Amino acid sequence: MKTYDLLSLQQLNAPYAHELKEAACRVIDSGWYLRGTETEAFEREMAAYLGINQVVGVANGLDALRLIFKAYIALGRLQPGDEVIVPANTFIASVLAITDCDLVPRFVEPSISTHNLDTSLIEQAITTRTRAILVVHLYGRACWDEQLVATARKHNLLIIEDNAQALGARTDNGVHTGTLGDAAGTSFYPGKNLGALGDAGMVTTRDNELARMVRALGNYGGNTRYIYEHQGLNSRIDEIQAAMLRVKLQYIDSENQRRSHIAQQYNTSIDNPYITLPQLPAQPHSHVWHQYVVCTQYRDAFMQYMRNNGIATAIHYPIPPHKHEAYKAYNTLSLPLTERLANEVVSLPIAPYLTDDDVEYIAQVINRFEIE
Ligand SMILES: *Cc1c(COP(=O)(O)O)cnc(C)c1O
């Protein structure tokens, strides 16, 4: 029987192993491991790829988001206690970044067709304390529309993007996620579409003052050695991870195109009344398919059936942020669409190394799933 992991990092990186090893050796031999030429080159190459002027490499995606909020607070553009609109249907790290900076999350329900923030519901969640919106491009689908921009403009709200899952996605008119709002945090966790070989992340913005502050706050609170204006963190990208990312950045568009092709093939080939397929985007490039997520009311049975057939599946995410013990104060909130998705979503294997035959095989297994 063929078997499939949800994602094999070994298979994912195998095509680049030679280049990655060469890059790692270059860093090892250089004797320079932080804040050096690899980081500089990575930031420059990423800025060119995205079409933005400021890229700041940091230690991970959560830090990228925390540093953005901390920098806005240090600059006096946000105050502790301010409210930030956030999709209720997201990974907990989006919310952790908000609460870690003593800001207050205001959870807004998703659209059932995209699983992303329902931008028509933002307006009614705004209070006199609301100062920002954290949009999440969940599963790799760009979350951006006129209503979001108009609401933010009308209420003078910052738009911050959680771009952890969507590197390479573009809006219908071709603008990259990570460059749409006032600032964005991206993760290079190994399983993300552009994955390092360890932890890494970045902040992107067109705001030079913000970028400078993020850089200082990620370097103990100052940009000059032993001179500190702020109480910062240590959150930098390693030279070795910057070198790994420089290799993999060259292939991100072709990898994302392959993911998009696989998603389209799944949507064409899977035909089972118990399984609801994700909606394809109007423009293929506006979804980079970090996850391919179906819905079913028979999730336990379906996942067990897939396991019996050698195919791994996963749940992104089984418990929404407001239902975790970490957020007791929000446990009683009622967010029925978010809670329904948490009960019904299942992620199927999706990775650039899967062949058309693999995808067809997985789809045919799914098509034979039945409820007795
Ligand atoms: C992965 C992820 C993060 C956090 O990134 P790390 O690099 O793991 O810290 C934040 N938000 C979302 C939506 C993510 O998927």
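Of all residues in segment 186-207, those satisfying the criterion of being more than 8 Å from the ligand (Cβ to nearest atom) and not small (G, A, S) are T186, P190, N193, L194, L197, M202, V203, T204, T205, R206, D207. Of all residues in segment 174-200, those that are under 18 Å from L245 (Cα atoms) and part of a strand (DSSP E or B) have Cβ atoms under 9 Å from Cβ atoms of residues that are within 11 Å of the ligand (Cβ to nearest atom) and basic (K, R), 6 or more apart or on another chain, in G185/R66; T186/K192.
Within segment 147-173, the residues that satisfy the criterion of being without any contact (Cβ under 8 Å) to a residue 40 or more places away in the chain, assigned to a loop (DSSP other than H, G, I, E, B) and of a type in the set (S, T, N, Q) are N156, N173.
Just one of A183, A169 is more than 30 Å from A24 (Cβ to Cβ) and within 16 Å of the ligand (Cβ to nearest atom); which is it?
Values: A169 fails: more than 30 Å from A24 (Cβ to Cβ).
It is A183.
Of all the residues in segment 312-359, those that are among the acidic types (D, E), out of contact with any strand residue (DSSP E or B) (no Cβ under 7 Å at 6 or more places or on another chain) and within 22 Å of C295 (Cβ to Cβ) number 1. Return a yes/no flag: does segment 218-239 have any residue that is in a helix (DSSP H, G or I), surrounded by fewer than 21 Cβ atoms within 10 Å (Cβ to Cβ) and free of Cβ contacts under 8 Å to residues at least 24 places away in the same chain. No, the conditions are met nowhere in segment 218-239. Of the strands (runs of 3 or more DSSP E) contained entirely in segment 27-142, not one carries at least 2 residues that are within 16 Å of the ligand (Cβ to nearest atom), more than 20 Å from V288 (Cα to Cα) and in contact with a Cys (Cβ under 8 Å, 6 or more places away or on another chain). Does Q11 count as modelled with pLDDT of 95 or more and either more than 27 Å from S120 (Cα to Cα) or within 16 Å of the ligand (Cβ to nearest atom) (or both)? When the stated conditions are applied, Q11 passes them.
The values are calculated or read from the model by the stated rules, or taken from the named source; none is laboratory data. Keep in mind the model is a prediction, meaning the values are calculated, not measured. With ideal geometry, Cβ positions are generated from the backbone for all residues, glycine too; neighbour counts draw on all protein chains shown.
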